[in-house]
1. Can you show me the helix-derived [θ] at 222 nm for the chain, built from DSSP H runs with n ≥ 4 at -39,500 (n - 2.57) apiece and divided by the number of residues, rounded to the nearest 500.
2. At a threshold of 8 angstrom on Cα-Cα distance, excluding pairs fewer than six apart, so keeping six or more, what relative contact order does the chain reach in percent?
3. Relative to the longest principal axis of the C-alpha atoms of the chain, give the angle of the C-alpha long axis of helix 27-43, reported between 0 and 90° and rounded to the nearest 10°.
4. Whole angstrom only: what separates the Cα centroid of the stretch 43-62 from the Cα centroid of the stretch 86-114?
5. By counting other Cβ atoms within 10 Å of each Cβ, how are 114, 48 ranked from fewest to most?
6. In what order do 63, 32 fall by count of nearby beta-carbon atoms within 10 Å, going from fewest to most?
7. Which value results for Rg/Rh of the stretch 13-109 when Rg is the Cα radius of gyration and Rh the Kirkwood radius based on the inverse mean 1/r?
8. Tell me the label-point distance for the pair residue 22, residue 95, using the 7 Å Cα-to-Cβ offset, in nm and rounded to one decimal.
């Protein structure tokens with residue numbers, strides 16, 4: 001779709017695509033579409049897989065930004081995650097089990113979880 005007026009030259013497709021993606025608020029698609037297109041061409045992927053990858057990237061990025069926004073809104077004194085958790089500080093804590101539970105697969109499986117013990121390490 002190229003737009004023109006009587007005295008103008010046609011608008012290049014990249015300019016229109018950039019405009020439309022901004023209007024639709026798809027910043028990740030805008031940032032990644034050329035790179036993903038090159039990968040799809042290199043790997044011989046069809047247009048459906050190309051679009052699927054772009055949409056997946058947009059969804060992943062939106063989820064990441066949502067989490068970041070919610071963490072900022074919560075005004076936590078410090079942001080902590082399992083990536084930075086010092087398991088050595090609580091040697092009795094079962095690290096593999098803790099990381100498995102953190103994936104929350106038990107929610108989907110509808111399994112019950114019971115956590116017993118002190119909420120603070122013994123001094």
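Please treat every number below as a calculation from the coordinates, not as lab data. Since we're looking at a predicted model, the values are computed, not measured. We place every Cβ from the backbone using ideal geometry, glycine too, and count neighbours over all the protein chains shown.
1. Numbers: 5 runs with 69 residues, N = 123.
When only DSSP H runs of four or more count, the value is -18000 deg cm²/dmol.
2. Details: 41 pairs, mean separation 15.5, N = 123.
The value is 13 percent.
3. That works out to roughly 80 degrees.
4. 32
5. Working: 114 4, 48 8.
Placing the least packed residue first, the sequence is 114, 48.
6. On the way: 63 10, 32 17.
Ranked by crowding around the Cβ, least crowded first: 63, 32.
7. Details: Rg = 19.6 Å, Rh = 17.1 Å.
Using only Cα positions, Rg/Rh for the stretch 13-109 is 1.14.
8. For the pair residue 22/residue 95, the computed spacing is 4.8 nm.
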